[in-house]
1. Project the alpha carbons of the protein assembly as shown onto their principal axes and report the range along each, largest first, in whole Å.
2. How large is the Rg to Rh ratio of segment B:65-106 when both quantities use alpha carbon positions and Rh follows Kirkwood?
3. Pull up the cross-link candidates among the aspartates and glutamates for A:Lys171, meaning alpha carbon to alpha carbon under 15 Å and not fewer than 8 places away within one chain.
4. Return the FRET efficiency for the residue pair A:Asn296, B:Glu92: r is the Cβ-Cβ distance, R0 is 41 Å, and the value is rounded to the nearest 0.05.
5. Based on C-alpha coordinates, I'd like the Rg and Dmax of segment B:50-185, in Å.
6. Starting from the Cα gyration tensor of segment A:89-210, take the square roots of the eigenvalues, sort them a ≥ b ≥ c, and report rounded, prolate or oblate (rounded when a/c is under 1.5, otherwise prolate if a/b is larger than b/c, else oblate).
7. Where does each of A:153-163, B:345-355, B:51-61 land if you order them by average Cβ count within 10 Å, highest first?
8. Cross-link candidates for B:Lys11: which lysines have Cα within less than 24 Å, leaving aside residues fewer than 8 places away along the same chain?
Amino acid sequence: MIITDILTGALRSGTSVMLASQGELISERAGVINLGMEGSMLAGALGGFAVTVWTGNPWLGTLSGGLCGLIISLIHSFLVLSCGANQLATGLTIMFFGIGVTSFFGRSFVSEQIVGFNPVPIPILSDIPFIGDVLFNHDPLTYLSILLVPVLWYVLFRTRLGVIIRAAGEKEDVLFASGINPLLVRYCAVLAGGFLAGVGGTQLSVAYTHSWVENMTAGRGVVAVALVIFASWRPAMAMVGSYLFGAAQALQLTVQQQGWPISTFFLFMVPYLLTLAALLIVERRKRSSMPEALGNVFSADAGG
Amino acid sequence: MKKRNTGWSWKTLVAILAIIVTITGCSQSGGSSLNGNSSSSSGESSAIGTGGSAVGFIFVGTKDDYGYNQAAYLGSEAVEEAFPDLKVLRSENVPETAEAERVMEEMINQGAKIIFPTSYGHLDPALNVAARHPDVVFFHQGGLITSDNVGTYFGTIWEPVYLAGVAAGKMSKTGKLGYIVSVPIPQVLLNVNAFTQGARSVNPDATTTVVFTGSWCDPGQQANAANSLIDGGVDVISQHQDCTKTIIETAERRGAMTVGYHADASSLAPEGWIVGSVWNWPDLFVDMTKTAVDGEFKGSIYDGKYRGTLADGVVQLTDFGKNVPEEVQALVEETKQKLLDGTVHPFAGPVKDQAGNIVYEDGYIPTIDELESMDFFVEGVIGTIPQ
């Protein structure tokens, strides 16, 4: 069934983007925009892959991938929060740094084979005709990423920690006055974001493709940042946006396989066009739901 | 004189400029004196390609991609072994831009009189460098344009691909084959068509679903494509990509069979490997290098467009996988013999395109040039050529 194929593909292909976009969401809620997510994802993809090669344990790989992504975003947070650098420029620089560093160190891993994550069908649920294939026949990291969404929502909107994070992004003076250092909160948020992006990269290399090739994320990190805006900084919508992106990628393949005469060059654009269109549609609502401190970044203040 | 300016003084600027010009001038004269020495030290007019101390190879990717570049790398290793007096210079990850010119120039500076640009897109850079160094021989892989000192070589890989199609047609239970490719260049269309012709020669209802990924090596896209094809009922997957690992491993994990390309990757698919089409560059590279070193490039078979065939051993079939039955192996062998003695040609007319129009008339055998400029899909291929 075409619909089943597209939806299954949406989850398979969209999970890595989703993890990165949830991570970016935390970071932006605290008031820091991190365009270097692509670098964090690649670092996670390589780090996770490398450790899985060395230890044979994909869970250790996942942890390491997350840490590698975290380290990359540590550079970003240091430059932006402690040195006062422009957030957008720093993020882009980090992205290119991540691409270069991983290309260099990843050379010896290109032909390695790993015991990665394989799809684990959930016993009874995966037999349900339509939903079973779409939702319950994925690798462990995909399942975890789906569970992450309600957890993140709960933390952000129903706990004190969430209030603190959001305060850092909305009214940092008030947060400071209440005795908590907003810079510290932002550091933690960016690091958490980098960790999740790293796990997203690991999902791509250790779970989905079982390979490492330089620049294998092919822009997913950047799309993740765009999707956060599309999602109006809400975890559930970020998930929807990511799966929409994945679905567009799957759609491109399905169209080709059906033999429909749509130019593949046009089809390659579709996932990105969709993201762009989604952003434009949401544009009007966006300004009011953007964390205030993030608004400062976009009005060309120096941020921090 | 005692100005405490924050900006550069005029004198400083001139000094820096002078230093830069001197350094640049020195390195250039160094280079030209090297060339000057080599051409004056040989008494007679030396044939192109001779007198060098090195052979250069440039690759567009990494040598362990289980694919295109790995095959070329193996060829370079054979040259290294066969010519212990020649230093083998290699450069991987050379992009198909003017950067390639810089790399080739550097190799020539280090004494190379023979260069192997191994990627299709290295042709223009090679032609440019060749024009500046008429005493250096260039062997370009797959190109369609030659010059006085640039010869191109390739293999009629569609022959083993046709045979692989025969095997795939026999082994497929669903009759649906899949082909994952990057961009619609003639080489790619030719392979897909040869594969389909082979499969349909044993199963007239077989179809080949083609998926374009737009990239020569994007694992995410490759995994998407492989999964998508298998979801759609395809049970044999082949590909025309630079790196083959992701597709083969994905197919193996999901229980689909694999037909390999470029290199023998059967270790990645112990259960599902059917057969693969590979290049035998080692013997060819050694022969080409010998021809150049002996000063016999001009007028040789390599001066121009050289196409090694199945009969020449330049393109080959790998061994069969362990799950391929004897009768299928025998059928492929039989068909191979017919290819070799000319009773069968993968594209002997009548050949129809997807719309049902006859492209090659009954009894017509297309030339190699015609095949290498193929721009259509044969009947049985599902997929559109992007315009």
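Every read-out reported here was derived from the displayed coordinates using simple, explicitly stated rules and does not represent laboratory data. This structure is a prediction, so every number in the text was calculated from the model and none was measured. FYI the Cβ positions are ideal-geometry reconstructions off the backbone, even for glycines, and counts take in every protein chain you see.
1. In descending order, the Cα extents are 87, 87, 46 Å.
2. Dividing the radius of gyration by the Kirkwood radius yields 1.02.
3. A:Glu28, A:Glu292
4. 0.35
5. In Å, with Rg to one decimal and Dmax whole: 17.3, 58.
6. Numbers: a/c = 3.75, a/b = 1.33, b/c = 2.81.
Oblate is the answer for segment A:89-210, as a/c is 1.5 or above yet b/c matches or exceeds a/b.
7. B:51-61, B:345-355, A:153-163
8. Excluding near neighbours in sequence, the set is B:Lys2, B:Lys3.
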